[in-house]
Each structure stands twice: as structure tokens, then as C-alpha cells.
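*Asks:* Quick one: the structure is below, questions incoming.
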Amino acid sequence: MNLISNPLLVTALMLAVSNLFMTFAWYGHLKNMSASPWYIAALVSWGIALFEYLIQVPANRIGYTQLSLGQLKIMQEVITLTVFVPFAVMYMNQPLKLDYLWAGLCLMGAVYFIFRT
């Protein structure tokens, strides 16, 4: 089976890329634009978010062919945490906290409940 023809894999990869854009849109300005007025940061963030939506919308449409709405949302939340933790630690220089592990375990519970048959 060609991996690119797997809708779940394509969805997950596209959501990971879109989430990377959104994480920078939401939080990158805190590091890079702290001296700029908030409205300039908002305009830059909206520009970044445009790219996020150009990837996220088709990703959700592809994913919805195989997943329920709830499953799609939980997949997004897991990807969000997976992208956010390295961003916070490596880019924003935040300490790695055990709380991220606990949050991840809670999300694994959500994954279990939303994907069980």
C-alpha cells in the first residue's frame, strides 16, 4: 500500500504541519515581537494562520472520509500537544515539565474512549 494514499497518514501529517504554523501564529510573537504593538503581532499572526488554514481545511476533509468528527478532533488535540511541547522547550526555552506527560496521558485516555468500538 502506498503510504501517500493512506488518508489517515496524510491527515495526520497535514495536521502536524498546519499545527506547526498555528503554534507559531499563536505563540511565536511572544518571543520575536515583544517590542511590537499587539496589533502588529496580530496581523503577522493572521498571515501565518492563513497558511495553517490552507493545510488544515483539506486535512480535515481528507480525515473526515475515514474518521468521525470526534475522532478527528481528538487526533488534532494529540498532534497539538506533540507539536507544542517541543516548540515550548526548544524554541521558547521553557522547562520540560512533568505536567506535559500527565497531559499526554489524559489525551491517551481521550484517544481510547473516542476510538474504541
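*Asks:* From the list Lys73, Lys97, which one is more than 14 Å from Leu8 (Cα to Cα) and either touching a residue at least 24 places away in the same chain (Cβ under 8 Å) or not aliphatic (A, V, I, L, M) (or both)?
*Replies:* Only one candidate passes the filter, namely Lys97.
*Asks:* Right, something else. Can you name the number of the only condition in (1) free of Cβ contacts under 8 Å to residues at least 60 places away in the same chain; (2) farther than 21 Å from Leu9 by Cα that Val78 fails?
*Replies:* (2)
*Asks:* Related question: Working only within segment 53-96, note down all residues that are small (Gly, Ala, Ser) and either closer than 15 Å to Phe21 by Cβ or in contact with a strand residue (DSSP E or B) (Cβ under 9 Å, 6 or more places away or on another chain) (or both).
*Replies:* Correct list: Ala59 only.
*Asks:* Now, a different point. Quickly run through segment 12-38 and pick out the residues that are hydrophobic (A, V, I, L, M, F, W, C) and over 26 Å from Thr65 (Cα atoms).
*Replies:* Passing the criteria: Phe24, Ala25, Trp26, Leu30, Met33, Ala35, Trp38.
Only the coordinates and a few stated rules stand behind these numbers; no lab work does. It should be emphasised that the depicted structure is a prediction, and the values quoted were computed from it without experimental measurement. No Cβ is skipped: glycine too gets one built from the backbone with ideal geometry, and neighbour counts run over all protein chains shown.
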